[in-house]
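Right, one structure below, let's go through it.
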Amino acid sequence: MSQTVITCSQGTIQQMKETYGRSLKQKTPQGAVFSAKVDGCSITAYRSGKVMFQGPNHDFEAARWNGNSASPKKKSSSQQTTSPYYPKASLLTSSHGGSDEAGTGDYFGPITVASVYVTEEQISTLKKAGVRDSKDLKDPQIQQIAKRLVELEIPYSLITLHNEKYNRLQRKGWTQGKMKTMLHHAAINKLSEKIAPIKMEGFVIDQFAEPNIYKRHLYSENQTLQDNVYFMMKAESHSIAVAAASIIARSAFVKQMNKLSDKAGIELPKGASRRVDQTAGALIKQIGADGLEEFAKVHFANTEKALHYVR
Ligand code: MG
């Protein structure tokens, strides 16, 4: 069986035990401090300081701890430029793919994920067309640039997770992180099919989770990470493909919001503010709380707050 063994201080082993808290096993072998099981990896730490990682994800799980006695939480807050999943600078100036999402923090409306492939020759054209991080652009500009990307026939894929399915998955125990992972994964596959036989030299995901966690979500659905996929925080400011993806995802999100607003007969605000609570309250009065399933991410605290406006 594939495995990695590392030696750690007792302090690090205690940190591990806390980190794996919910995944700890009741039974431990003789001489062990703890045993845990996460997707794709079993971990056993011994009083001798040896920690054994076994299973398909052994190397990545071990890499979280190897030669590092600091808390992995601290580590995750900084960009890990030495990570094997961090893209080389040269990739960002040559042909590559990128993906980004929209709608994750909005109570109303779906999550949309777009993947875009940009060739080296197209980079300057896209810059001229105004492609940059969608957060710096107003919605009408986003719609215009998205239209331009379509005219330029830039290959892209788009996946929309509508509210009803979102709510179903959420109740099944899926976190937003897992949903985003599976959406990005599907969007990359769809884009790869679209551009075949061209193969992407690299693909950059705007990082929303540590690569290990992303991989673990994939394992939990019997999927594995595609080749040449990299992760980068704030990738939309470094990769034109990710910036273009952020525009397409946002544009699709806005379109869906318009559709939903038409259907609801009220303008549904973006975000998760008090205006959102009030609108949700008004909507509940019209169609009942169950009706929200089609329009909103109902596990957000906004649902509870909206009910105050109904009573
Ligand atoms: Mg993003």
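Taken together, the criteria place GLN278 among residues that are more than 22 Å from LYS190 (Cβ to Cβ) and not charged (D, E, K, R). Here is a list of conditions, (1) away from the ligand (no atom under 12 Å from the Cβ); (2) of a type in the set (Gly, Ala, Ser); (3) modelled with pLDDT under 95, and ALA252 meets all of them except one; can you say which number that is? For ALA252, the exception is condition (3). For segment 187-211, filtered to residues that are farther than 20 Å from LYS88 by Cβ and at pLDDT below 95, the residue that is nearest to the ligand (Cβ to nearest atom) is PHE208. Among all residues of segment 142-153, there is at least one that is without any contact (Cβ under 8 Å) to a residue 24 or more places away in the chain, more than 30 Å from GLY291 (Cβ to Cβ), assigned by the TED database to the domain that holds GLU193 and surrounded by 14 or more Cβ atoms within 10 Å (Cβ to Cβ). Inclusion of SER239 among residues that are within 16 Å of the ligand (Cβ to nearest atom) and either in contact with a Gly (Cβ under 9 Å, 6 or more places away or on another chain) or at pLDDT below 95 (or both) is warranted. State the number of residues belonging to segment 294-311 that are assigned to a helix (DSSP H, G or I) and either of a type outside the set (D, E, K, R) or in contact (Cβ under 8 Å) with a residue 60 or more places away in the chain (or both). The total comes to 9.
Of all residues being of a type in the set (A, V, I, L, M, F, W, C) and in a loop (DSSP other than H, G, I, E, B) in segment 78-135, which is farthest from the ligand (Cβ to nearest atom)? Just the residue, please. Filtering segment 78-135 for residues that are of a type in the set (A, V, I, L, M, F, W, C) and in a loop (DSSP other than H, G, I, E, B), the one farthest from the ligand (Cβ to nearest atom) comes out as ALA129. Is it the case that some residue within segment 159-175 is in contact (Cβ under 8 Å) with a residue 60 or more places away in the chain and within 15 Å of the ligand (Cβ to nearest atom)? No - not one qualifying residue is present in segment 159-175. Against the conditions (1) within 16 Å of the ligand (Cβ to nearest atom); (2) closer than 20 Å to PRO140 by Cα; (3) not acidic (Asp, Glu), MET232 satisfies every one except (2).
Among the residues of segment 267-311, those identified as within 27 Å of TRP174 (Cα to Cα) and aromatic (Phe, Trp, Tyr) are PHE295, PHE300.
Determine if segment 274-283 includes at least one residue that is closer than 23 Å to ASN167 by Cβ, within 16 Å of the ligand (Cβ to nearest atom) and among the basic types (Lys, Arg). No, the conditions are met nowhere in segment 274-283. Looking at segment 217-229, is at least one residue within 13 Å of the chain's Cα centre (by Cα) and more than 29 Å from LYS37 (Cβ to Cβ)? No - not one qualifying residue is present in segment 217-229.
The values are calculated or read from the model by the stated rules, or taken from the named source; none is laboratory data. Computed from a predicted model, the values in this text were never measured in an experiment. Cβ: placed from backbone, ideal geometry, glycine included. Neighbour counts: every protein chain shown.
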